[in-house]
1. Being more than 36 Å from the chain's Cα centre (by Cα), among the charged types (D, E, K, R) and over 14 Å from residue 211 (Cα atoms) is the filter; apply it to the stretch 228-270 and report the residue that is surrounded by the most Cβ atoms within 10 Å (Cβ to Cβ).
2. Just checking, does the stretch 598-607 include any residue being under 22 Å from the mean Cα position of the chain (by Cα), in contact (Cβ under 8 Å) with a residue 40 or more places away in the chain and in a loop (DSSP other than H, G, I, E, B)?
3. Does at least one position in the stretch 607-620 carry a residue that is in contact with a strand residue (DSSP E or B) (Cβ under 6 Å, 6 or more places away or on another chain), among the polar types (S, T, N, Q) and either open to solvent by 60 Å² or more (accessible area, probe 1.4 Å) or under 20 Å from residue 673 (Cβ atoms) (or both)?
4. What are the pairs with Cβ atoms under 8 angstrom where one residue, in the stretch 121-132, is touching a residue at least 12 places away in the same chain (Cβ under 8 Å) and the other, located anywhere, is of a type in the set (Gly, Ala, Ser) and open to solvent by 40 Å² or more (accessible area, probe 1.4 Å)? Sequence gap at least six, or different chains.
5. Exactly one condition in (1) modelled with pLDDT under 95; (2) not in a loop (DSSP other than H, G, I, E, B) is false for residue 402; which is it?
6. Quick one: how many residues across the stretch 368-383 are surrounded by 14 or more Cβ atoms within 10 Å (Cβ to Cβ) and either among the charged types (D, E, K, R) or free of Cβ contacts under 8 Å to residues at least 12 places away in the same chain (or both)?
7. Please give the helices (runs of 4 or more DSSP H) falling wholly within the stretch 40-143 in which 1 or more residues are at pLDDT 90 or above.
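The values are calculated or read from the model by the stated rules, or taken from the named source; none is laboratory data. All of these numbers come straight from a predicted model, not from anything done at the bench. Every residue, glycine as well, gets a Cβ built from its backbone with ideal geometry; the counts of neighbours run over all protein chains shown. Accessible surface is based on the protein model in full, side chains and every heavy atom, while ligands, DNA and RNA are left aside. Shrake-Rupley method; radii C 1.70, N 1.55, O 1.52, S 1.80 Å.
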Amino acid sequence: MGHPLRHNGSHPSNGSAGEAGPSNGHSLGISTVTPGSLPPHILGAIRPVQPPGNLMYEDDRDWYHEPESHEDGIESTDDGDMDEDDGEAKHNKHRAMDRPGVGGGKRMPVEREEAVRLMLQGLRDIGYHQAADVLEAESGFHLSTAAASDFQAAILGGRWSEALALLPELGIPTASNTVEPESSSSSIASGKTKATMMGKGSGSVTDQARFLIAQQKYLEYLEVGQQKKALGVLRGELARVAKDQDVLHTLSGFMMCLDKDDLYERAVWDGASGASRRQLLEHLQAFISPSVMVPSRRLATLFDQARRHQQMTCLYHEEPDSSSLYVDHRCESGQFPSVTTHVLADHTDEVWRIEWSPDGMQLASAGKDKTVVIWQLKASPKEGGGTQYNVESLHQLRDHSDPVDAMAWSPDGKTLVTAADKTVYVWNTKTGTQRPRPSAGSQHGDTISAIQWLPDGSEFIVASMDCKVVFYSAAGNMLRQWTAFPLQLNDFVITPDGKRIVAITTPLKRVNHNDRLKQAMSARPSDDSETIGPAPVVLGPNGGPMQPFQYATMEHSIAVIRIVDHEIIDWSQDLRCETTSIRMSSDGRKVLVSCTPDEIQVWSIDPGLRYLRKHTGHVQGHFLIRSCFGAPKDRFILSGSEDGHVYVWQGGSPNPIEVLSGHRDVVNSVAWNPVAARRIFASCSDDTTIRIWQPPINVEGGMDIATSAEIVEESEGMVL
């Protein structure tokens, strides 16, 4: 919360901590200016100023006033008539309301006292104590009460008895009280240590505050090797206020630590000379009203929140860099890859699938013509700075016996695995040649639906519609297999740790057909569907019992499967829509599920499977369409559509921010370059082409977008 106002003109003694200086990282040796260092005759010459009202800007006072109106929308007046002067006044008022930040209610009112106290804290955190002293004298407001300043000095100085004696003056009664005061959240993003969290959430406010102080005192005694005094604190102070005996047991175990380093590691604590005392003050502030003690670094926290909010609400924001506070942040759409720079037309039939190599320098495309084309990305400098990418055909893999709709790059980019119907193909991406097949036969009895590599590149996994999951070596040798029966894995991804499969599934069900039983995946099961296997009590990821599998609850669902023992450890209820594809976010914590009709769902997978939101606006009703995340931190979601457009959504926005034209038929798949900062993505379509999308070449002068969108195919299948 910055420095205390005054402490007899000097810093409090902090013992071993040395924590009384500014909290912004400025060296204490640079300046000897301290709070109260201005001569009294200078401070005495400053005249207090008392502006009218109590707001920072008095013209914000009517922010919450709404004009009274009749049901027909006409504003009411006192006498029912409006003369010429009233009309002009009303007109001027509306003009003011149209100007952001001008009277009329565009800003929420801010109390002047709050604004001044936050300024005082910011000045003292930076080290401008003389300016803060002047502001205090002129405004008449103080950063904190004398008791709060003394309490801060006592905590940072390790004077625990003094700190405890000041608790009643801060609104924390001496006796136990279950009613918590108005709390102020901590602003330091330094993390919560195991030690400081042990006493939270149990007992009264008084007991929790006393526990936290006694715990710090106990640990500091252990740190300096005074076990006897530490034991006295454990028995005489901690045992009185601790409500959880397990916590006391854990704390007592710290007495067995071999040395200070062992204590630091086991308690997750950095000692008296570290940040532990300031963290203790942060946690204690949760029990103290902000009107008494302003939360630490509050002004910096508000700046950070404002900046993050503007970035999150900016439709086109991609850059992780901080933005200026002088003006509202806004990214121009010209930096978004909204222009077709290349049309790749080497395919002779519908293009169903595109996948970037892990380094983002190659793109593989596949489809109905039984051919996989590998394209090479080449960088060139762009006018005005930046990079523009050109694309050329590198290899054409033509040995497939059927259309290709599944493929995956190895993590090192040297191998591409493709699948046509029931057959797996392994390719050397440097030479464009197929590696010898270990055996002529196929391990799959039905169409292959998806291929994924383990993150370490040692194996790849192939799922097929006969409910098989087969593991292959990097060379293509079958290692092992297991069945997911009765679940078909229509598509799946693997978590970054390589331990789980997240799959969209459809159950097979045995139904009567011509007096015989056959497998069918399209029939909607009846309410009395049989349970798959026994129904033991299984604990879910949140510790609660999971309901037994039933066909009705597994129709078009998401399942999380542990690879080591192929156990389903989490699953969703019936999505009530047909799922077509699934994609993993760059951080491995979310998945993107494309559904029919006309919906994309975002799910969290850690710590448990949880629905987050959906995006709509595109068209998907009859075909398999693959969507993807895009941009740094997955700011965008992109999808193809049956109307021939590419749709783009931002963050949590349910409606698209871009609808990109160019393709003449169904757009089957989109793929953002894995080096997200490159601002380049690809799309493929039933019109037999792949389009490469990049930002306009000249953002300031603009680009002839119409000409770019009307690129015609040339002999090489590529147009710049």
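1. Among them, the one singled out is 229.
2. For the stretch 598-607, residues under 22 Å from the mean Cα position of the chain (by Cα), in contact (Cβ under 8 Å) with a residue 40 or more places away in the chain and in a loop (DSSP other than H, G, I, E, B): present.
3. No: the stretch 607-620 contains no residue that is in contact with a strand residue (DSSP E or B) (Cβ under 6 Å, 6 or more places away or on another chain), among the polar types (S, T, N, Q) and either open to solvent by 60 Å² or more (accessible area, probe 1.4 Å) or under 20 Å from residue 673 (Cβ atoms) (or both).
4. Listed pairs, sorted by first residue: 122/300; 123/131; 125/300; 127/31; 129/37; 130/37.
5. Only one criterion in (1) modelled with pLDDT under 95; (2) not in a loop (DSSP other than H, G, I, E, B) is unmet by residue 402, namely (2).
6. The number of residues fulfilling the criteria is 4.
7. The qualifying helices (runs of 4 or more DSSP H) are 112-126, 129-139.
Matching residues to (1) among the polar types (S, T, N, Q); (2) closer than 18 Å to residue 453 by Cβ; (3) in contact (Cβ under 8 Å) with a residue 12 or more places away in the chain; (4) surrounded by fewer than 21 Cβ atoms within 10 Å (Cβ to Cβ):
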| position | (1), (2), (3), (4) |
| --- | --- |
| 393 | yes, no, yes, yes |
| 399 | no, no, yes, yes |
| 402 | no, no, yes, yes |
| 406 | no, yes, yes, no |
| 410 | yes, yes, yes, yes |
| 413 | no, yes, yes, yes |
| 417 | no, yes, yes, no |
| 428 | yes, yes, yes, yes |
| 432 | no, no, yes, yes |
